[in-house]
Each structure stands twice: as C-alpha cells, then as structure tokens.
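**Q** Once you've had a glance at the structure underneath, I'll fire off some questions.
Laboratory data are not the source of any read-out in this text; all were calculated from the coordinates shown. For clarity, every value in this text was computed on a predicted model and none was experimentally measured. Note: ideal-geometry Cβ built from the backbone for every residue, glycine included; neighbour counts use all protein chains shown.
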Amino acid sequence: MKSKICIIVANYYPNISKSLLLGASHLLKKKKNNFKIIETNGIFEIPVVISRNIKKYDAFLALGCVIKGKTPHFTFISQATTDAIMKLAIYYKKPIGNGIITCLNMKQATERSDPKKKNKGGEAARAIISVLGN
C-alpha cells in the first residue's frame with residue numbers, strides 16, 4: 001500500500017511555492033503516492049500544521065521560501081522552522097522532507113525552484129520516498 005503524504009506549502013512567494021509544489025507533486029504522482037496539499041501564509045506556520053496532522057499521514061513535505069532581507073528576521077524564521085521540523089520528525093519517527101529554500105535574492109529562489117532543473121521540492125519528495133521505502 002502506498003503512503004499517505006501531506007504537503008504543506010507556504011505561499012508567501014506564490015510563484016516560487018508553485019514551482020516547488022510542481023516539482024514535488026510530479027515525483028509523488030510518478031511514484032503513485034497519495035497526497036494532500038495544505039496551504040499556509042508563511043514557513044513559520046508549517047510546523048504547527050504538521051503537528052496538527054501528525055497522526056493522519058505517513059510522511060510530510062514542507063515547501064516554501066525565505067529570502068534574506070535587511071534584518072536578522074530571515075535567520076530567526078529559517079532556524080526556528082528547521083529546528084521545529086526536525087524535532088517533529090525525530091519525536092514522531094516520521095519523515096518530513098524539508099523543501100523550504102533559503103535564498104539571498106529572488107534570482108536564487110527562482111533558480112532553486114525551477115521545475116525543469118534540480119528543483120528543491122522534487123528533491124525533498126525524493127528524500128521522503130526513500131525513507132518510506134516507496
């Protein structure tokens with residue numbers, strides 16, 4: 001039986017998120033996994049959504065983008081989100097693919113989310129599939 005996967009996508013940068021989602025969903029469909037998409041405004045909300053749904057799914061995929069601005073906010077949000085995702089994965093022993101890209105500018109974000117290249121959403125999906133053994 002194929003795994004049930006929940007994709008949480010932060011839409012703060014909608015074009016980037018859409019590209020990450022395209023890369024991830026393409027691979028999950030190809031491997032015939034069942035998945036549901038839940039949208040949030042930003043990446044900081046992703047761990048809460050995972051926590052609320054932790055018993056409903058076999059794995060999770062976190063997608064989104066943070067672009068460095070002129071304040072330390074970038075560092076705090078990125079680190080807090082990454083730490084929370086890792087703690088959830090370890091505590092519940094469920095794979096959570098981290099497809100949240102942290103970039104210095106929009107050009108970098110566009111390159112890292114391009115579905116025709118090495119898309120970070122697809123890479124995160126590949127990682128959870130490998131842990132699940134699908």
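**Q** With r defined as the distance between the Cβ atoms of Lys87 and Asn34 and R0 fixed at 22 Å, what FRET efficiency is calculated, to the nearest 0.05?
**A** 0.30
**Q** I'd like the FRET efficiency for Asn134 and Lys68, computed as 1/(1 + (r/R0)^6) with the beta carbon distance as r and R0 of 25 Å, rounded to 0.05.
**A** That gives a FRET efficiency of 0.10.
**Q** Pick the calculated Cα extents along the principal axes in Å for this structure from (i) 47, 33, 20; (ii) 42, 31, 19; (iii) 63, 30, 23?
**A** Checking each listed value against the structure points to (i).
**Q** In deg cm²/dmol and to the nearest 500, what is the mean residue ellipticity at 222 nm of the chain if only DSSP H runs of at least 4 residues count, each as -39500 (n - 2.57), divided by the residue total?
**A** Calculated mean residue ellipticity at 222 nm is -15500 deg cm²/dmol.
**Q** For a footprinting-style exposure proxy, rank Val131, Val9 by other Cβ within 10 Å, fewest first.
**A** The fewest-first ordering by Cβ neighbours comes to Val131, Val9.
**Q** Based on alpha-carbon centroids, what's the gap between region 1-28 and region 55-134 in Å, whole number please?
**A** Region 1-28 and region 55-134 have Cα centres spaced 10 Å from each other.
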